[in-house]
Amino acid sequence: MASKKENGKFPREFLGVSLPEESSKYYFVVVRSKRIVVEADSSIQMIMENLESYKCKLSFYFEGFQYQLGDFRVRVGKVVPAHAETVRGIVMEVEYLPISSIEMARKVMEEFLEILQEAMSKRLLPDYCDGFRGSVVQVIVMEAVNEAVRKIKSLVIPHPDEKTNGIALFEVTGSCTLGRQNIEGLNCSLMSAVTTSNIFNPKLDDLLSKLEYVRRLDGDKNPRNRTFKTSFFNSRKLSPVFTGGPGFEEVVPPMFVARDCLKATLTENLTRQREFTYGVMLEEIITQDENRKVSVNGLSLSPSGGMSVNGPPTTLSGTGIDRIASLQANITRDNTKLVNGAIVGERNVFQVDQGLGIGSNFPLFNRHQLTLTRFIQLKQVEEGSGNPKPPVLVLHGHYGGCIGDLPNYDAFSLGGPNSVRGYSMGELGAAKHILELGAEIRIPVKNTHVYAFAEHGNDLGSSKDVKGNPTAVYRKMGHGSSYGLGVKLGKVRAEYTVRHNRGTGALFLRFGERY
């Protein structure tokens, strides 16, 4: 907007911006040299014009796509005048989410832009000529490199009296992704990916694949922002249900769960903070031993320490192979924000899986989960570049339950980096109902923070309701607690965790956030 007359007390021009995700707000850059931004109601533009103090001089639309890679968000789009269709330019915005200060983020942004520039020089990114018409072909080499780093398995320095069970402590996963964006200008994309769990020793039978089609059903100005997604993928993971408890880790051989899934979902925004996803999934599940042979039962431990092949059943059908159709729904309410780089606010997630009675032994079940997390700011601080982070108290609760038929491979497991820290996956038990509680206090120290935490998990006495009672068979306790101290080192969390059940501790290196 430009002023109708000169006035030394007021700026001659305002630069205004409105965002589709915040349609009720309008932002003004008042003094460009000092980067002063004012937030106002969306009606301010009309008020200023009615007062005849300012009038609209130029208006442009920025239309394009948004990509997110870890903590980086990249927006690429075309610039079009409000009352014309001629492309006036291409704009690209790169955002590093943990840091709001451009000066503090300059080094990491420069490194990211170097990678991006190298990829563009090899013509791996889309060419937006010809007014964004036609298909966009994209080989996401950056994603493969960054995912390999982000998916490094957690490094564990074990207690001297513990054994590693012959499992490698350091493995790096890698993925190759090929995608087509904006197919025929219809706002849809197609992506395929192949992943190996160890890029240093890849095996043909270890490769996982995924094919995904995504289409946005609404324009940028529609607040519902509905997105349809359908995907076909396979996975093979170690089951935490069929593992030995303390002292029996090496006795019980590993059991794997292989899945082939076809899934279709629709995601829409109910409000700015609420997102709703619902859909249907068809899957075939096969339980396998370490030699990839179908396993009908897990091994059983006798009181004398002997082994039997007639352990807990692995599937509902009793054949080692299940076919299940289910409906899924997930609603997320997230109003967290960053205060000088620290997360504050609250996040709630409710998820339901409803079996339709279609498939092996007519599976009819309702599996539900509720997760509540609070990030409580303990001290008020001045927000802005260079200001310290506030101390934060994190409170976390997770409840999971199931009514009806529950396959053992889908039982809720206790223990692990996303359950009760310090324990291995499923070390505490497998149950039909669980409750997990956690607390963490984060104290800022210079450019990072140190933290102390405590967590507890409990099967609520429901382990016996899982067929064959794997918790009792494999000598697991059904509950457990842990506590410890840690420090955040960039993307890595270094934490020393004490397992209350064992009375021993270990040093863990984890990537990303626990909450």
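The values are calculated or read from the model by the stated rules, or taken from the named source; none is laboratory data. From a predicted model like this one, the values you see are computed outputs, not experimental measurements. Every residue, glycine as well, gets a Cβ built from its backbone with ideal geometry; the counts of neighbours run over all protein chains shown. Keep in mind that these areas ignore ligands, DNA and RNA; they rest on the heavy atoms of the full protein, side chains included. Shrake-Rupley method; radii C 1.70, N 1.55, O 1.52, S 1.80 Å.
Within segment 207-246, the set of residues being touching a Ser or Thr at 6+ places or on another chain (Cβ under 9 Å), open to solvent by 60 Å² or more (accessible area, probe 1.4 Å) and part of a loop (DSSP other than H, G, I, E, B) comprises Leu207, Leu217, Lys221, Pro223, Arg226. Just to be sure, is Lys476 in a loop (DSSP other than H, G, I, E, B) and either modelled with pLDDT of 95 or more or under 24 Å from Val251 (Cα atoms) (or both)? Criteria met by Lys476. Considering the conditions (1) under 27 Å from Gly311 (Cα atoms); (2) open to solvent by less than 60 Å² (accessible area, probe 1.4 Å); (3) at pLDDT 85 or above, Asp260 is excluded by exactly one of them, (2).
Considering only segment 333-391, give the strands (runs of 3 or more DSSP E) lying wholly within it that have at least 3 residues that are under 16 Å from Ile443 (Cβ atoms). Write out each step before concluding.
On the way: elements: 337-339, 342-359, 365-377.
It comes to 342-359, 365-377.
Among the residues of segment 428-446, those identified as part of a loop (DSSP other than H, G, I, E, B) and open to solvent by 10 Å² or more (accessible area, probe 1.4 Å) are Lys432, Lys446.
Does Arg502 satisfy the criteria of being open to solvent by 50 Å² or more (accessible area, probe 1.4 Å), part of a loop (DSSP other than H, G, I, E, B), touching a residue at least 12 places away in the same chain (Cβ under 8 Å) and over 30 Å from Thr315 (Cβ atoms)? If you could, list the steps in order and put the result at the bottom.
Details: open to solvent by 50 Å² or more (accessible area, probe 1.4 Å): yes; part of a loop (DSSP other than H, G, I, E, B): yes; touching a residue at least 12 places away in the same chain (Cβ under 8 Å): yes; over 30 Å from Thr315 (Cβ atoms): yes.
Yes, satisfied.
When the residues of segment 73-89 are filtered to those that are surrounded by 14 or more Cβ atoms within 10 Å (Cβ to Cβ), of a type outside the set (Gly, Ala, Ser) and in a strand (DSSP E or B), the one that is modelled with the lowest pLDDT is Val80.
Screening the candidates Pro388, Pro363 for the property of being more than 19 Å from Arg514 (Cα to Cα), open to solvent by less than 10 Å² (accessible area, probe 1.4 Å) and modelled with pLDDT under 95 yields one hit, Pro363. Cβ separations smaller than 6 Å between residues 6+ apart or across chains give the following pairs from segment 232-256 residues that are modelled with pLDDT of 90 or more to residues that are part of a loop (DSSP other than H, G, I, E, B) and open to solvent by 50 Å² or more (accessible area, probe 1.4 Å): Pro240/Met425.
One residue alone among Leu372, Leu393 is within 24 Å of the chain's Cα centre (by Cα) and open to solvent by 60 Å² or more (accessible area, probe 1.4 Å), and that residue is Leu372. Among the residues of segment 397-419, those that are farther than 16 Å from Asp465 by Cα and either open to solvent by less than 30 Å² (accessible area, probe 1.4 Å) or assigned to a helix (DSSP H, G or I) (or both) comprise Gly397, His398, Gly415, Gly416, Ser419. Filtered by the rule that a residue be touching a Gly at 6+ places or on another chain (Cβ under 6 Å) and at pLDDT below 95, segment 325-352 gives Asn335, Thr336, Lys337. When segment 304-324 is filtered for residues that are at pLDDT 90 or above and in a loop (DSSP other than H, G, I, E, B), the ones remaining, listed by number, are Pro312, Thr314, Thr315, Leu316, Ser317, Gly318, Thr319, Gly320. Only one of the numbered conditions (1) within 23 Å of Pro254 (Cβ to Cβ); (2) in contact (Cβ under 8 Å) with a residue 40 or more places away in the chain; (3) charged (D, E, K, R) is violated by Asp289, and that is (2).
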